[in-house]
Amino acid sequence: MGSIFLYTTDSAKASAVKKISQKLGVSYSEITRADLTKTVFELVSGKPSANKTPLAPFYVQPELLLFSGVSNGVLDAFLAAYRNTGLTPINYKCVVTPHNIGWTLTALTAELAREHAEIG
């Protein structure tokens, strides 16, 4: 049924995403700081990371919500349920695609930030 991965430092958001995921029958995993140098493929497949480059100590990762193998119906239901929590939005959301599967999570986040800046 798919998986949802979340990077956040907000425990209320993590709890809400986990609860919604469970209700929808979707697996939930938290993205850790150590995961940020992994590729999307390494994260979703559980494979060990080949990238041994550490993050810069000052790097600040924005919140990120990543959907893998989730149907459009489940995605829509998740987003509606999250909106109903009243919590602030998670700005960076994306679906795993053949295009982004080889990117590191930091590169994925940078691309999402660029896209958000273009849209305004």
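Here are the numbers for the structure shown:
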{"read-out": "Relative contact order, percent, segment 11-104 [alpha-carbon distance under 8 Å, six or more residues apart]", "value": "37 percent"}
{"read-out": "Among 3, 109, 90 the positive-end extreme of the charge dipole of segment 1-110 (Cβ point charges)", "value": "3"}
{"read-out": "Segment 40-54 versus segment 1-18: alpha-carbon centroid distance in Å", "value": "19 Å"}
{"read-out": "Potential lengthening between residue 18 and residue 30 on full extension [0.36 nm per residue; Cα-Cα distance subtracted]", "value": "3.4 nm"}
{"read-out": "Ascending count of other beta-carbon atoms within 10 Å, so fewest first, for 5, 58", "value": "58, 5"}
{"read-out": "Förster radius 30 Å - calculated FRET efficiency between residue 60 and residue 83 (Cβ-Cβ, nearest 0.05)", "value": "0.75"}
{"read-out": "Proxy reagent accessibility, fewest Cβ within 10 Å first, across 10, 76", "value": "76, 10"}
{"read-out": "Cα-centred dipole magnitude for the chain, charges only on beta-carbon of K, R (+1) and D, E (-1), debye, nearest 20", "value": "300 debye"}
{"read-out": "Residues 99, 116 arranged by fewest to most Cβ contacts within 10 Å", "value": "99, 116"}
{"read-out": "Antiparallel %, DSSP beta bridges [both residues in the chain], to 5", "value": "45 percent"}
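Every number in this text was worked out from the coordinates using simple rules, so none of it is lab data. Owing to the predicted nature of the structure, the values given are computational and were not obtained by experimental measurement. Glycine gets a Cβ as well: all are built from the backbone with ideal geometry, and neighbour counts include every protein chain shown.
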